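Engineer: If you scroll down you'll find the structure; I have some questions about it.
The values are calculated or read from the model by the stated rules, or taken from the named source; none is laboratory data. Note that the structure is predicted; figures quoted are calculated from it, not measured. Note: ideal-geometry Cβ built from the backbone for every residue, glycine included; neighbour counts use all protein chains shown. With ligands, DNA and RNA removed, areas are computed over all heavy atoms of the protein, side chains included. Shrake-Rupley method; radii C 1.70, N 1.55, O 1.52, S 1.80 Å.
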Amino acid sequence: DLMADRAHLPRETAIKDLLCYEDLIEASHSRFEWPVFDENNASSLCYTSGTTGNPKGVLYSHRSTLLHSFAAALPDVLNVSACDVLLPVVPMFHINAWGLVYVAPMTGAKLVFPGAALDGKSLYELIEMEGVTASAGVPTVWQGLLSYVEANGLKFSTMCRSGIGGSACPPAMIRKFQEDYGVTVRHAWGMTEMSPIGTSAAFKHKHLVETQEARYAAMATQGRAVFGVDIKIVDDEGAELQWDGRASGNLLVRGPWVIEKYFKDEGGSPLLDGWFRTGDVAKITPDGYMVITDRNKDVIKSGGEWVGSIDIENIAMAHPAVAMAACIGVKHPKWDERPLLVVAKKPGAQVEREELLAFFDGKVAKWWIPDDVAFVDAIPLGATGKMQKMKLREQFANYVLPTA
């Protein structure tokens, strides 16, 4: 059938027995009788992004989806009401658009979909045309939007909140949204295996009287566990680590919308004593704010010590000439691995290796500073907008670092 009314149906078409969508709707009943069935029945099936091997299926139940939607709509998570116009700039195959396709109808919010055009110009025009108040997407999408509005001297007339997840949001992006455009960023973390929301960087009451810098520090974390989710960090032997903001360990989670097993038991049990092993390395502050320091597969081990690639990338992204940056480990004859910074520059921007490396002075320990910078036309991205470090590691597998 064609998504149009009869007046707009084409007079000639090669499609046999073409139906008019509006005629079909008109002929149907306006009321829907909701079926009654076991709440543990399957509701949807999504697949992991496959960044660590083949994608695996995650089968959600009606119960887990409903509970996740209740939690996602809370003020300290997405803070959604019937007054909102939501724009999920994330495909529905990516964890059901992060659950927004359920949160919107549950709360009565208007839901706007972007279609295939995710460039800055198209997103800005859609936001303004539809009166979007809140949106959600990965940092790479927002980078394109911010570049467009900045280059054209534009402002947002209705959008005041932006949820950012999928990968760590550079603090520089949080500041630009807030200070230049009056858009408050809500940093969040989750996984396909978690439906997806696990944590949200909402303020506590104490932040209302703290400095703006303290608030920015909280906004830059992945946030506190939402109601229903428990989190903890453990060492390689499984011993639980303290929430002191310094100790880094393997992040484990559990909750009513967290996976118990993959579809058809693929890959064996993902649990450790009932906790899901996320594959992330994190630290947790005494206030419960969680900070992802790396993925297990992305950790750079130099001389027996870890270098956090996310911290390196966040600093690089704060440089005005950098559009996107990725930090990967490359082989080193003495230290096993050393960090290599891979950078895509903004259009027309000029920056040299020495200037970028000097940009790290005083921001991280000297031995964390990358040994070299490689400039590329673009950082490879997956279908969900995440950087594909696996491809970068393949591309730079034989990269020779400078010896001086």
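Engineer: Let me confirm something: among Ile284, Ile259, Ile292, which residue is under 22 Å from the mean Cα position of the chain (by Cα) and either open to solvent by 20 Å² or more (accessible area, probe 1.4 Å) or more than 27 Å from Ala214 (Cα to Cα) (or both)?
Structural biologist: Just a single option satisfies the conditions, and that option is Ile259.
Engineer: Have a look at Glu213, Glu237, Glu260 and point out the one that is of a type in the set (Asp, Glu) and not in a loop (DSSP other than H, G, I, E, B).
Structural biologist: Of Glu213, Glu237, Glu260, the one residue that is of a type in the set (Asp, Glu) and not in a loop (DSSP other than H, G, I, E, B) is Glu213.
Engineer: Related question: What's the number of the condition Leu357 fails, among (1) assigned to a strand (DSSP E or B); (2) modelled with pLDDT of 90 or more?
Structural biologist: (1)
Engineer: In the range 174-208, how many are assigned to a loop (DSSP other than H, G, I, E, B) and out of contact with any His (no Cβ under 8 Å at 6 or more places or on another chain)?
Structural biologist: Here is the first cut: in the range 174-208, the residues assigned to a loop (DSSP other than H, G, I, E, B) are 182-183, 191, 195-196, 201-204.
Subset that is out of contact with any His (no Cβ under 8 Å at 6 or more places or on another chain): 182-183, 191, 196, 202-204.
Counting residues in the range 174-208 that are assigned to a loop (DSSP other than H, G, I, E, B) and out of contact with any His (no Cβ under 8 Å at 6 or more places or on another chain) gives 7.
Engineer: Okay, moving on. In the range 262-281, what count of residues is obtained for those that are in contact with a Ser or Thr (Cβ under 7 Å, 6 or more places away or on another chain) and either closer than 24 Å to Leu67 by Cβ or surrounded by fewer than 14 Cβ atoms within 10 Å (Cβ to Cβ) (or both)?
Structural biologist: Counting residues in the range 262-281 that are in contact with a Ser or Thr (Cβ under 7 Å, 6 or more places away or on another chain) and either closer than 24 Å to Leu67 by Cβ or surrounded by fewer than 14 Cβ atoms within 10 Å (Cβ to Cβ) (or both) gives 1.
Engineer: Could you check how many residues of the range 147-173 are assigned to a loop (DSSP other than H, G, I, E, B), at pLDDT 95 or above and not polar (S, T, N, Q)?
Structural biologist: Final tally of qualifying residues: 6.
Engineer: Oh, and also: Taking Arg353 and the conditions (1) surrounded by 13 or more Cβ atoms within 10 Å (Cβ to Cβ); (2) free of Cβ contacts under 8 Å to residues at least 24 places away in the same chain; (3) under 26 Å from Ala220 (Cβ atoms), which numbered condition does it fall short on, given that it satisfies the others?
Structural biologist: Among (1) surrounded by 13 or more Cβ atoms within 10 Å (Cβ to Cβ); (2) free of Cβ contacts under 8 Å to residues at least 24 places away in the same chain; (3) under 26 Å from Ala220 (Cβ atoms), the lone unmet condition for Arg353 is (3).
Engineer: On to the next question. Pick from the range 209-225 the residues that are touching a His at 6+ places or on another chain (Cβ under 9 Å) and either surrounded by fewer than 23 Cβ atoms within 10 Å (Cβ to Cβ) or of a type in the set (A, V, I, L, M) (or both): which of them is nearest to His319 (Cα to Cα)? Step through it out loud before you land on a result.
Structural biologist: Initial filter on the range 209-225 (touching a His at 6+ places or on another chain (Cβ under 9 Å)): 214-215, 218-223.
Then drop every residue that is not either surrounded by fewer than 23 Cβ atoms within 10 Å (Cβ to Cβ) or of a type in the set (A, V, I, L, M) (or both), which leaves 214-215, 218-220.
Numbers: Ala214: 22, Arg215: 22, Ala218: 21, Met219: 20, Ala220: 17 Å.
Looking at the filtered set, the residue picked out is Ala220.
Engineer: Please tell me if Ala247 is of a type in the set (Gly, Ala, Ser), assigned to a loop (DSSP other than H, G, I, E, B) and without any contact (Cβ under 8 Å) to a residue 60 or more places away in the chain. Spell out how you get there, then give the answer.
Structural biologist: Numbers: of a type in the set (Gly, Ala, Ser): yes; assigned to a loop (DSSP other than H, G, I, E, B): yes; without any contact (Cβ under 8 Å) to a residue 60 or more places away in the chain: yes.
Criteria met by Ala247.
Engineer: Go through the range 295-309 and count every residue that is crowded, with 20+ Cβ neighbours inside 10 Å and in contact with a strand residue (DSSP E or B) (Cβ under 6 Å, 6 or more places away or on another chain).
Structural biologist: Count: 4.
Engineer: Within the range 140-162, which residues are closer than 25 Å to Pro196 by Cα, open to solvent by 10 Å² or more (accessible area, probe 1.4 Å), touching a strand residue (DSSP E or B) at 6+ places or on another chain (Cβ under 8 Å) and not aliphatic (A, V, I, L, M)? Outline the logic, then answer.
Structural biologist: If we filter the range 140-162 for residues that are closer than 25 Å to Pro196 by Cα, which is where we start, we get 140-145, 159-162.
Subsequent filtering for residues that are open to solvent by 10 Å² or more (accessible area, probe 1.4 Å) retains 140-141, 143-144, 160-161.
Filter again for touching a strand residue (DSSP E or B) at 6+ places or on another chain (Cβ under 8 Å), leaving 140-141, 143, 160-161.
Those that are closer than 25 Å to Pro196 by Cα, open to solvent by 10 Å² or more (accessible area, probe 1.4 Å), touching a strand residue (DSSP E or B) at 6+ places or on another chain (Cβ under 8 Å) and not aliphatic (A, V, I, L, M): Thr140, Gln143, Cys160, Arg161.
Engineer: When the range 183-196 is examined, which residues are found to be over 10 Å from Ile164 (Cα atoms) and open to solvent by 20 Å² or more (accessible area, probe 1.4 Å)?
Structural biologist: Passing the criteria: Thr184, Gly190, Met191.
Engineer: Out of curiosity, is Pro196 out of contact with any strand residue (DSSP E or B) (no Cβ under 9 Å at 6 or more places or on another chain) and in contact (Cβ under 8 Å) with a residue 60 or more places away in the chain? Talk me through it step by step, then tell me what you get.
Structural biologist: Details: out of contact with any strand residue (DSSP E or B) (no Cβ under 9 Å at 6 or more places or on another chain): no; in contact (Cβ under 8 Å) with a residue 60 or more places away in the chain: yes.
The answer is no for Pro196.
Engineer: Give the residues of the range 117-139 that are hydrophobic (A, V, I, L, M, F, W, C), touching a helix residue (DSSP H, G or I) at 6+ places or on another chain (Cβ under 9 Å) and open to solvent by 50 Å² or more (accessible area, probe 1.4 Å), sorted by residue number.
Structural biologist: Listed by number, the list holds a single entry, Leu118.
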